[in-house]
Amino acid sequence: MNEWSSFDTITKGKGIWLIDSKGNKIIDAVGSMWCNVWGHSNPQLVKAITKQSKKIQHSSLFNLTNEPVEKLAKNLIKISPGMNKVFYSDNGSSAMEIAIKMALQYWKNIGEVKKTQIATIENGYHGDTFGAMSVGYVPEFFRKFKKQLFSTIQFPVPNKYRLPKGFTLSDYQNHCLEKIEKRFSKNNDIAAFIMESGAQMAGGAIIYPKDFQKKIRELCKKYDILFVLDEIATGFGRLGSMVQYQDQKSIPDIVAYGKMLTGGYLTMAATLANKKIYDSFSGEFNDWKHLFHGHTYTGNPIAAAVANENLQMYKKYNLIKQVQKTSKIFEKYSQEILDIDIVGDVRHKGMLMGIELVSNKKKKTPIRTKKSINKVFFEEGKKQGIYLRTLGNIVMLVPPLSIQQNELELLLKKTIKTIQVAKSKTF
Ligand SMILES: Cc1ncc(COP(=O)(O)O)c(C=O)c1O
């Protein structure tokens, strides 16, 4: 905390730029915590907010509904193969809490009382509330609460850059899958397998090898275990496809969306379930099969209105194609970044790049500093005109999805300069 005694005040935003109270401009390389789609102050999104805010600003989803959420539910089902119903909340952690509760209660609802365990993969992140922390586990974030977290069954994840000695990537992937199957085949006590879809974000931009997710999905089917995906950070185009699970050929039973759902302008999340899950919750009042979960701002109509506009714009401007094209710029700069002597690995997919910093390339020793690395890069980045945030020793580039090619080139050049200057001054 002592490192962060004062903060710049952001007063305006325009496109990829954030502008502070002194008039300084910085590129939002964090995408305002990975959620910004169209840049800041987009007139169409602002108009959708203004228009809806004149009609009804908030009305509860307890016993009532509203037009924007009804429309949004239809839109979400349309883009989400296999999904049947939508349960709203107002942040990603809550969407995951709901997913966990749905998965656990599903088995109770159908009278299968033995299935109470949750399986996950190591190094996952699903939010900062207790349930979400329990099913994820980034040691640096959650260590202090370990005793209070509920226990889960965790399996290793294949990380191409940090493979155990003697393994190729494909050997290790098979090894991980074998471990999963070995445990799945015992006890019949696992309710659900929960993982981020496509890549682990907070865990350090760990992009899954081909078929890893698909094979876990197949194992879940084989052993009658629910498959729950978290697309909060990786869906909606971040990894280059609208719905990442389609790309991964792994249709889940439950999926959570958040972050980019509203274009990054208002707070809303959604947990979608297939018909099998939904049907298990229907019954007479005294059957007590319904899901006890609700938040004050669940289904906020202004948030839903801007989400609907956002979704329409994805189609209108063919954003996914644009992301696929623009993200090739990452490839162009990868080698130059990798050539910097404190860079051990560069990985990217869609509009995401992770740059792993090491003090010894051969030994892959994660870089350490006296001040937090985050602080070092935040300060140097700011001097170069970018808002940067690191996760441990990994510099994350997660800009607004619609960033233009020349803007991404500028961001990458500034990032290279930042790493070089930070290196000469600090490491
Ligand atoms: C994969 C994933 N799931 C869940 C969350 C939690 O979302 P929120 O911060 O909206 O609670 C995050 C946030 O970064 C995330 O990256």
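Working only within the stretch 30-56, note down all residues that are of a type in the set (Gly, Ala, Ser) and within 16 Å of the ligand (Cβ to nearest atom). Spell out the reasoning first.
If we filter the stretch 30-56 for residues that are of a type in the set (Gly, Ala, Ser), which is where we start, we get 31-32, 39, 41, 48, 53.
Gly31, Ser32, listed by residue number.
Against the condition under 22 Å from Ser94 (Cα atoms), within 16 Å of the ligand (Cβ to nearest atom) and either of a type in the set (S, T, N, Q) or touching a residue at least 24 places away in the same chain (Cβ under 8 Å) (or both), how does Ile206 come out, does it pass? Working first, answer last.
On the way: under 22 Å from Ser94 (Cα atoms): no; within 16 Å of the ligand (Cβ to nearest atom): yes; either of a type in the set (S, T, N, Q) or touching a residue at least 24 places away in the same chain (Cβ under 8 Å) (or both): yes.
So Ile206 fails the test.
Considering each of Lys249, Lys275, Lys215, Lys221 in turn, give the residue that is free of Cβ contacts under 8 Å to residues at least 24 places away in the same chain and surrounded by fewer than 24 Cβ atoms within 10 Å (Cβ to Cβ). Outline the logic, then answer.
On the way: Lys249 fails: free of Cβ contacts under 8 Å to residues at least 24 places away in the same chain; Lys275 fails: free of Cβ contacts under 8 Å to residues at least 24 places away in the same chain; Lys215 fails: free of Cβ contacts under 8 Å to residues at least 24 places away in the same chain.
None of the others qualify; the one that does is Lys221.
For the stretch 143-151, check the following and say yes or no: at least one residue is within 16 Å of the ligand (Cβ to nearest atom) and part of a strand (DSSP E or B).
No, that holds for no residue.
State all residues of the stretch 242-290 that are of a type outside the set (Val, Ile, Thr), in a helix (DSSP H, G or I) and closer than 19 Å to His126 by Cβ; if no residue qualifies, say none. So that I can check it myself, show each step before the final result.
Going residue by residue through the stretch 242-290, those that are of a type outside the set (Val, Ile, Thr) are 242, 244-250, 252-253, 256-261, 263-266, 268-270, 272-276, 278-290.
With the extra rule that they be in a helix (DSSP H, G or I), the set shrinks to 244-247, 259-261, 275-276, 278-280, 285-287.
Across the stretch 242-290, the qualifying residues are Gln244, Tyr245, Lys259, Met260, Leu261.
I'd like to check something: does the stretch 5-28 contain any residue that is touching a residue at least 40 places away in the same chain (Cβ under 8 Å) and under 25 Å from Ala270 (Cβ atoms)?
Yes, that holds for at least one residue.
Please specify each residue of the stretch 278-313 satisfying the condition of being touching a residue at least 40 places away in the same chain (Cβ under 8 Å), of a type in the set (Ser, Thr, Tyr) and closer than 24 Å to Val228 by Cβ.
Passing the criteria: Tyr278, Ser280, Tyr297, Thr298.
Can you name the condition, by its number, that His295 falls short on among (1) crowded, with 20+ Cβ neighbours inside 10 Å; (2) under 20 Å from Met96 (Cα atoms)?
Every condition holds for His295 apart from (1).
Would you be able to say whether some residue in the stretch 104-117 is over 25 Å from Tyr278 (Cα atoms) and either more than 13 Å from the ligand (Cβ to nearest atom) or in the same structural domain as Phe281 (by TED's automatic domain parsing) (or both)?
Of the residues in the stretch 104-117, the ones over 25 Å from Tyr278 (Cα atoms) are none.
The answer is no; no qualifying residue exists.
Look at the stretch 72-101 and say how many of its residues are polar (S, T, N, Q), touching a helix residue (DSSP H, G or I) at 6+ places or on another chain (Cβ under 7 Å), within 28 Å of Thr116 (Cβ to Cβ) and surrounded by fewer than 24 Cβ atoms within 10 Å (Cβ to Cβ).
Matching residues across the stretch 72-101 total 2.
Out of the residues in the stretch 131-145 that are within 17 Å of Ala192 (Cβ to Cβ) and not polar (S, T, N, Q), which is farthest from the chain's Cα centre (by Cα)? Walk me through how you get there before you give the answer.
Going residue by residue through the stretch 131-145, those that are within 17 Å of Ala192 (Cβ to Cβ) are 131-137.
Narrowing the set further to residues that are not polar (S, T, N, Q) leaves 131-133, 135-137.
Numbers: Gly131: 16, Ala132: 13, Met133: 14, Val135: 14, Gly136: 12, Tyr137: 14 Å.
Per the criteria, the residue is Gly131.
Could you please find all residues in the stretch 118-144 being surrounded by fewer than 20 Cβ atoms within 10 Å (Cβ to Cβ) and closer than 23 Å to Phe87 by Cα? Give the derivation first.
Restricting attention to the stretch 118-144, the residues satisfying the condition of being surrounded by fewer than 20 Cβ atoms within 10 Å (Cβ to Cβ) are 122-123, 128-130, 138-144.
Scanning the stretch 118-144 gives Asp128, Thr129, Phe130.
Give me the residue from the stretch 88-103 that is hydroxyl-bearing (Ser, Thr, Tyr) and either touching a Phe, Trp or Tyr at 6+ places or on another chain (Cβ under 7 Å) or within 12 Å of the ligand (Cβ to nearest atom) (or both) and, out of that set, farthest from Ile225 (Cα to Cα).
Here is the first cut: in the stretch 88-103, the ones hydroxyl-bearing (Ser, Thr, Tyr) are 88-89, 93-94.
Next cut, either touching a Phe, Trp or Tyr at 6+ places or on another chain (Cβ under 7 Å) or within 12 Å of the ligand (Cβ to nearest atom) (or both) only: 89, 93-94.
On the way: Ser89: 25, Ser93: 22, Ser94: 22 Å.
The selected residue is Ser89.
If I filter the stretch 224-241 down to residues being in contact (Cβ under 8 Å) with a residue 60 or more places away in the chain and part of a strand (DSSP E or B), which single residue comes out as surrounded by the most Cβ atoms within 10 Å (Cβ to Cβ)?
Going through the qualifying residues, I end up with Asp230.
Those residues that are outside any strand (DSSP E or B), free of Cβ contacts under 8 Å to residues at least 40 places away in the same chain and farther than 14 Å from Lys423 by Cβ, I need them from the stretch 350-367; list them, please.
First, the residues of the stretch 350-367 that are outside any strand (DSSP E or B): 350-351, 361-364, 367.
Filter again for free of Cβ contacts under 8 Å to residues at least 40 places away in the same chain, leaving 361-363.
Across the stretch 350-367, the qualifying residues are Lys362, Lys363.
Looking at (1) under 22 Å from Met201 (Cα atoms); (2) part of a helix (DSSP H, G or I); (3) of a type in the set (Lys, Arg), which one does Arg347 not meet, given that it meets all the others?
Going through the list (1) under 22 Å from Met201 (Cα atoms); (2) part of a helix (DSSP H, G or I); (3) of a type in the set (Lys, Arg), Arg347 breaks only (2).
Answer yes or no as to whether Lys146 is over 19 Å from Gln200 (Cα atoms) and touching a residue at least 60 places away in the same chain (Cβ under 8 Å). Lay out the reasoning, then the answer.
Details: over 19 Å from Gln200 (Cα atoms): yes; touching a residue at least 60 places away in the same chain (Cβ under 8 Å): no.
Here the answer is no, as Lys146 does not meet what is asked.
Please specify each residue of the stretch 1-57 satisfying the condition of being of a type in the set (Gly, Ala, Ser), within 22 Å of Leu397 (Cβ to Cβ) and part of a helix (DSSP H, G or I).
Residues of the stretch 1-57 that are of a type in the set (Gly, Ala, Ser), as a first pass: 5-6, 13, 15, 21, 23, 29, 31-32, 39, 41, 48, 53.
Now restrict to residues that are within 22 Å of Leu397 (Cβ to Cβ): 13, 15, 29, 31-32, 39, 41.
Matches in the stretch 1-57: Gly31, Ser32.
Can you give me the number of residues within the stretch 152-179 that are within 16 Å of the ligand (Cβ to nearest atom) and assigned to a helix (DSSP H, G or I)?
0
The values are calculated or read from the model by the stated rules, or taken from the named source; none is laboratory data. In this text, all values refer to a predicted model and were calculated from it rather than measured experimentally. Please note: Cβ atoms are built from the backbone with ideal geometry, for glycine as well, and neighbour counts cover all protein chains shown.
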